[in-house]
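What follows is a single structure, written as structure tokens, with notes after it.
The values are calculated or read from the model by the stated rules, or taken from the named source; none is laboratory data. Because the structure is a prediction, the values reported are computed rather than measured. Here the Cβ positions follow ideal geometry from the backbone for every residue, glycine too, while neighbour counts run over all protein chains shown. Note: accessible area is taken over every heavy atom of the protein model, side chains too, but ligands, DNA and RNA are not part of it. Shrake-Rupley method; radii C 1.70, N 1.55, O 1.52, S 1.80 Å.
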Amino acid sequence: MNRSTTTCRAVLVALVLSLLAVGCGGSDADVADEGCPTITLVTYDSFVVSEGLLESFTADSCIEVEQVSSGDAGQLVSSAILTKDNPTADVMFGIDNTFLQRGLDADLFVPYESPLLANVDAALQLDPEYRVTPIDYGDVCVNYWLSELSGEAPATLDDLIDPAHADQFVTMNPETSSPGFAFLLATIARYGDGWEDYWQSLVDNGVSITAGWSDAYYGEFIAGGGSRSIVTSYASSPPAEVIFADPPIDTAPSAVLYDSCFRQVEFAGILAGTEAPGAAQQLIDFMLSSDFQEDIPLNMFVYPANRDAALPEAFVEFGQLADNPATLTPQEIETNREAWTERWVEIVLG
Amino acid sequence: MKTFRSALLAVVPAMFVAVFFVYPVATLLARGLGLDAGRLLEVITGSRFLKIIWFTTWQAALSTLLAGLFALPLTWALANRQFAGRRLARVLVTVPFVLPTVVVAGAFIALMDRFNLDEGAVRLRHTVWAILLAHAFFNVAVFARSVGGFWSQLDRRPEEAARTLGASPWRAFVEVTLPRLRPSLIAAVSVVFLFSFTSFAVILLLGGPRRSSIETEIYRYAVTRSDISTAAALSIVQMVAVVSLVVTNGWLQRRAVGRQGLVADRAVPAQTARQRGVLATTLTGTAVVLGLPLAVLVERSLASGGGYSFANYRALGERVRLLPISAADALVNSLAFAVVAAGIALVIGGMASLAIVHGTRSVSRLLDLGMLLPLGTSAVTLGFGVLISLDRGVLDLRGSWWIVPITQSLLAIPFVVRGVVPVLRAIDPGMREVAATLGASPGRVRREIDLRIGARALATGVGFAFAISLGEFGATSFVGRRSDLLTVPLAIQRLLATPGDLLRGQAMALSVILMVVTALVVFLSDRLHPTSGGML
């Protein structure tokens, strides 16, 4: 036997072994007859909780949670629809009100009414059939950099089309960016059919469009060394600027244009097809509990849905939500999404 | 038994691609077009889509040309001149290749800002030029390393003969060197073209909001609109384009000069002052152009607290809020994935290369196509395909550790195959015949001759496989993975998605670490191959 045969064999064995390992690697929701059940939670990539939080849930409930990430919010919803017949997880977190109707239309979820919903504002409970549970919310708002502002601070959406702020505003393409889409919705909610004229005026006033948030905030906005002083971001961006300042600062360098805010609500839902509905319900309850809810703000920079949850100091001091944010129903958004974004492309990108 | 072993060389790579690429993608396409077959017709006849298809194609062609032209001086220097730091130059040129697009785009934008190319007469931002330059920047490595490696193994005597007969250096290059380089050149061109053809973030970030390519449209339909029918139709268009490219390519390859005299290394030191000057200019010029964006990153990574320090690097050891694990752990994940992906690419790509060179014509063509196709396929199509097909029984890979390196290896295998095959094809068949006459078995011939001579190309390919795996973003994010399996590019993207100078500084520091680690890993893999000198 020569050495090349041995090499060939070794390669083959390695391949077979790795295939076997692969086969053993996958695991679905399985409830062991004895011991603790394991359930899978699928989220978008940026979902983060503090270390030990899910472990504390496991300690109390005897339910193991396996976390799977699935790209951005759009990827999350699209892949859940594609895998509906054989879902990747038992619980999904991260579908927001702009995608909610699509998920509901696809019958992704089974209903569950958590007792903790009593502590959640009715305004956040967008599905009367309880197929999804609101977990957090936040506002997408126009931000402006305080020290570099040309003219007076903008106070209304109309101020953005004021020549005093010409060539100062940068926002994102609603077809490629979720805050970009939210801002488009804010203008539609405010102006109704007049939104098209408003955007035409924004174009005339030199609005700049980027593909994504990072590109706008760190590319064209002052914060990243750009030259524009007004940007579409979040109500929580000023507190983030303070918390992650370098060197540390006492006051936020940016502020929020509250008239421009669109409210985003994020939900969790139990995926149809789960084999562990009981455990999934317990996980939803845990996500609404104070432990989980108080962990949300500093990890994901959104606000807890449970009104009993205490807010971190920086949020109280520098962050504030809009009193009267723009909203549209999930049905309106899903029905018109394509028409709106296509019309937007015609007006703004030409 | 001998034929069995030969067949195995073709069957194993074919099975691998069939299970992890063809089956998932075919499942997705069938699902998408099953919903609405008429969509395919609309897509190929709609004027908006035709425009996008046309734009995707010409920008990829121009990007490839630009990358090739820009890489030419360095490629020449690496192949023909011995100089201190030659090995290092071969390593460093891989660094741009691995950087996350969002980071490079940031550096490009900062440079445009600095040199006032933002607006005004020479406006670069949000133009097609920004796209072409970025693609060239990313892909110089492919030309410099694979063509440069092949070139350095070509016997220099034919050119010397031409020069002796009175040909000018230019004429000797065009008429003697270029035709001999053709197989390797065509291979590199096809890889760079496919890379630019399916590029996603460069188009979105640098091209501005008005540009769409087939790839960005597939994302838009599949993800933003959950319209799988249109996404599938576009994927089919994308694949048809890729297949026709590969077929033309194969035809060109076969017309190329076949057997060549191969040497261990043709490079000689620069002797005259003029030669030294040319070499110095070439190296400095390339270093400045490739180095400028990288210098911006290094500068940004050191900026902290209003001055310069290593604070951003120190901060990476601890878990940052916003990331499920520390950046150091993400680096460990990335390295583990890269080792496995490069290992798979080495084994599968190596076997496939042997089968392509020695197999029958149809086996060879089919394998060649199958190995290259993943590089020209949308990350969305592949990722979603995996989700809906590898979901049952022993093949339930969703959320498993393995799916990440397997997917990454699909993108890395073409780099191995395209680098190795031209070298193996160039081997004088006489050499194999002599070995066989002396009683060597076919297996031994392959091992002693093919593998030894192809070793450098194989090592170059493995270096690319590492780099691809370390820098891969799209497919990794689509296949779905356990949250604690965060990779460095995903972590960088995440850090750049929240306001705050601290996070930005850390993202830059992490990018610089990614650069350094890539350089180290490629350096090591370059050293893996035994010297082929004694053989030749």
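Below is a table of values for the structure above.
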| item | result |
| --- | --- |
| Residue count for the stretch A:206-221, restricted to those that are under 15 Å from A:Leu257 (Cβ atoms) and open to solvent by 20 Å² or more (accessible area, probe 1.4 Å) | 1 |
| Failed condition for B:Ser326, given (1) touching a residue at least 24 places away in the same chain (Cβ under 8 Å); (2) open to solvent by less than 40 Å² (accessible area, probe 1.4 Å) | (1) |
| Test: residue in the stretch B:359-382 that is closer than 30 Å to B:Asp484 by Cα and free of Cβ contacts under 8 Å to residues at least 40 places away in the same chain | no |
| Residues located in the stretch B:170-207, provided they are hydroxyl-bearing (Ser, Thr, Tyr), within 26 Å of B:Ala233 (Cβ to Cβ) and more than 14 Å from every other protein chain (Cβ to nearest Cβ) | B:Ser190, B:Ser196, B:Thr198 |
| Subset of the stretch B:31-57 [within 13 Å of chain A (Cβ to nearest Cβ) and free of Cβ contacts under 8 Å to residues at least 24 places away in the same chain] | B:Gly34, B:Arg48 |
| A:Ile135 closer than 17 Å to A:Pro330 by Cβ and β-branched (Val, Ile, Thr) | yes |
| Residue match in the stretch B:302-314 (condition: touching a strand residue (DSSP E or B) at 6+ places or on another chain (Cβ under 7 Å) and among the polar types (S, T, N, Q)) | yes |
| Candidates B:Val479, B:Val423, B:Val394, B:Val434 - the one that is of a type in the set (Val, Ile, Thr), at pLDDT 80 or above and in contact with a helix residue (DSSP H, G or I) (Cβ under 9 Å, 6 or more places away or on another chain) | B:Val423 |
| Total residues in the stretch B:180-235, condition open to solvent by less than 10 Å² (accessible area, probe 1.4 Å), under 28 Å from A:Thr83 (Cα atoms) and not in a helix (DSSP H, G or I) | 1 |
| Qualifying residue in the stretch A:19-38 (condition: more than 7 Å from chain B (Cβ to nearest Cβ), at pLDDT 90 or above and in contact with an Asp or Glu (Cβ under 8 Å, 6 or more places away or on another chain)) | yes |
| Long-range neighbours under 8 Å by Cβ, at least six apart or interchain, first residue farther than 15 Å from A:Asp215 by Cβ and facing chain A (nearest Cβ under 7 Å) within the stretch B:208-223, second at pLDDT below 90 and not in a helix (DSSP H, G or I) | B:Arg220/A:Glu175; B:Arg220/A:Thr176; B:Arg220/B:Ser212; B:Val223/A:Gly71; B:Val223/A:Asp72 |
| Which numbered condition A:Ile270 fails, given (1) among the β-branched types (Val, Ile, Thr); (2) in the same structural domain as A:Pro174 (by TED's automatic domain parsing); (3) crowded, with 24+ Cβ neighbours inside 10 Å | (2) |
| Any chance B:Leu33 is assigned to a helix (DSSP H, G or I), under 21 Å from B:Thr381 (Cβ atoms) and open to solvent by 10 Å² or more (accessible area, probe 1.4 Å) | yes |
| Number of the condition not met by A:Glu152 [criteria: (1) open to solvent by less than 30 Å² (accessible area, probe 1.4 Å); (2) under 18 Å from A:Val256 (Cβ atoms)] | (1) |
| Criterion (more than 9 Å from chain A (Cβ to nearest Cβ) and open to solvent by 10 Å² or more (accessible area, probe 1.4 Å)) met by exactly one of B:Leu502, B:Leu438 | B:Leu438 |
| Test for B:Trp151: is it surrounded by fewer than 19 Cβ atoms within 10 Å (Cβ to Cβ), in a helix (DSSP H, G or I) and away from chain A (no Cβ under 14 Å) | no |
